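First the structure, in the form of structure tokens, and then the observations on it.
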Amino acid sequence: MKKLTTLALMAFLAIGANAQDNAEQKADNKPVFTTVKENPITSVKDQNRSGTCWNYSTLSFFEAEILKATGKTYDLCESFVANKTYMERAIQVVRYHGDCQFAQGGSAEDVLATLKTHGICPEEAMPFPGSLYGDSLNNFNEFFSLLEPYVSAISKSTAKKISNQWKVGLQGILDAYLGQCPETFTYEGQQYTPQTFVQSLGINLDDYVSITSYTHHPFYTTFAVEVQDNWRFPQSYNLPMDEMMQVIDNAVMQGYTIAWGGDVSEDGFTRTGLAYAVDAAATQSLRGSDMARWLRLPATERRSLIDSLGCNVPEITPTQEMRQQRFDNWELTDDHGMLIYGIARDQNGKEYYMVKNSWGEAGQYKGIWYMTKAFIADNTMDFLVNKNAIPRDIRRKLGI
């Protein structure tokens, strides 16, 4: 009995020591950040159950642009942009007789086009997101269950001629769930229209350009990136990957932010607020497993392993060829939009971009993600930036 008690005590102590070792290892792996450059941004918002990251990230970008230009803080209205954008996208789908996509997603160009064509209003000039249907934030489940079949029915109609009344009906759905876009409103004691309001914000809407990096089009030319949410066919300047990254670095260091669009479906994008371009082969070898076992692991287990490795997770070195291959085989997608606004460095000297998300104060950093430069290089689809933030030598190559 005494022997069994002694063995049990030894086992307990061993388990405790192992747990302590694991805790210490996890603590050692947790990144400790030193800020290199942090530009002013507005507060973190929550898109909740809506596919409107493109809207939140790009309006955050313009809010930061206004803040930089004027020192004034604005909360611009996502519902205004969504109302105008979904109508215009529906019109295109009907013109194409349904041979293109109608969806919640979009691009930074949708926000820029709305500002240029329709203007904008502050958040307070329209109903708070979700409030019209008894929710506390956006919830597009019921909204789009009505909107999508409505647009599909019109666009795939067998009629020889359709009337314009379908637009009236669609506008009714948009207004019911998003609120009516105001023709006039009062802000800080002054009356505006959406057009005069955008003119008062202190930014030049012709200053903004889109940047990308792929080899299936010539560098230093423009093309519309071939993804479905680029339904307006906006032109992006095509740069070599290294120069694309120079633009981001220069922009941040010169006090600008970037409306970033890219892929966050990779294992290295954690829900805790970190993102790494994980080298899967090197990562699995650290745990004594083969690549086949790594690939069989559920995504949650792979992400748990990545979380445990923290800032010591091995990363790939992205190349132009990798980017092109991943784009062409559908691995690199445009599934999320965020705002890059700063640069930080961890205790190992690795640099990360500080990125504002639109999922509320989620993760360890209350809505902010730290994404390594390798992750951004590997997973960028395109981004919107002030042309004045582009290095002069690159601007000359682009003819800007």
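The values are calculated or read from the model by the stated rules, or taken from the named source; none is laboratory data. Only a predicted model underlies this, so the values are computations on that prediction, with no experimental measurement involved. Because the Cβ atoms are built from the backbone with ideal geometry, glycine has one as well, and the counts that use them run over all protein chains shown. The protein model used for the area step is the full one, side chains on, heavy atoms only, and it has no ligands, DNA or RNA in it. Shrake-Rupley method; radii C 1.70, N 1.55, O 1.52, S 1.80 Å.
What to note about this one:
Okay, residues lined up against (1) of a type in the set (A, V, I, L, M); (2) open to solvent by 10 Å² or more (accessible area, probe 1.4 Å); (3) without any contact (Cβ under 8 Å) to a residue 12 or more places away in the chain; (4) over 25 Å from Y365 (Cα atoms):
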| residue | (1), (2), (3), (4) |
| --- | --- |
| V36 | yes, yes, no, no |
| C53 | no, yes, no, no |
| L67 | yes, yes, no, no |
| R89 | no, no, no, yes |
| V93 | yes, no, no, yes |
| D99 | no, yes, yes, yes |
| G105 | no, yes, no, yes |
| T117 | no, yes, no, yes |
| P122 | no, no, no, yes |
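- Within the stretch 313-348, the residues that satisfy the criterion of being part of a helix (DSSP H, G or I) and buried (at least 16 other Cβ atoms within 10 Å of the Cβ) are Q320, M322, R323, Q324, R326, F327.
- The stretch 349-366 - residue that is in a strand (DSSP E or B) and under 23 Å from R323 (Cβ atoms) and, of those, most open to solvent (accessible area, probe 1.4 Å): E351
- Of the residues making up the stretch 367-374, not a single one is closer than 22 Å to F62 by Cβ, in contact with a helix residue (DSSP H, G or I) (Cβ under 6 Å, 6 or more places away or on another chain) and either modelled with pLDDT under 95 or open to solvent by less than 10 Å² (accessible area, probe 1.4 Å) (or both).
- Pairs meeting the criteria (first residue in the stretch 165-182 and within 23 Å of A125 (Cβ to Cβ), second residue at pLDDT 95 or above and among the polar types (S, T, N, Q), beta carbons under 6 Å, at least 6 apart or on different chains) are L174/N83; L178/S79; L178/N83; G179/S79; C181/N83.
- Total residues in the stretch 342-398, condition farther than 30 Å from L309 by Cα and touching a residue at least 60 places away in the same chain (Cβ under 8 Å): 11
- Among residues of the stretch 257-274 that are more than 25 Å from S210 (Cα to Cα), those with a beta-carbon under 6 Å from a residue that is part of a loop (DSSP other than H, G, I, E, B) at least six positions away or on a different chain give the pairs G268/Y276; G268/A277; T272/G363; T272/Q364; G273/G363; G273/Q364; G273/Y365.
- Residues of the stretch 180-212 satisfying the condition of being open to solvent by 30 Å² or more (accessible area, probe 1.4 Å), among the hydroxyl-bearing types (S, T, Y) and in contact with a Ser or Thr (Cβ under 6 Å, 6 or more places away or on another chain): T184, T193
- Answer residue from the stretch 136-178, given it is within 26 Å of the chain's Cα centre (by Cα) and not in a helix (DSSP H, G or I) and is surrounded by the most Cβ atoms within 10 Å (Cβ to Cβ) among those: N138
- Scanning the stretch 359-382 for residues that are more than 16 Å from T35 (Cβ to Cβ) and among the hydroxyl-bearing types (S, T, Y) yields a single hit, T380.
- Pick from the stretch 64-102, criterion of a type in the set (S, T, N, Q) and farther than 19 Å from K356 by Cα, ranking: modelled with the lowest pLDDT: Q101
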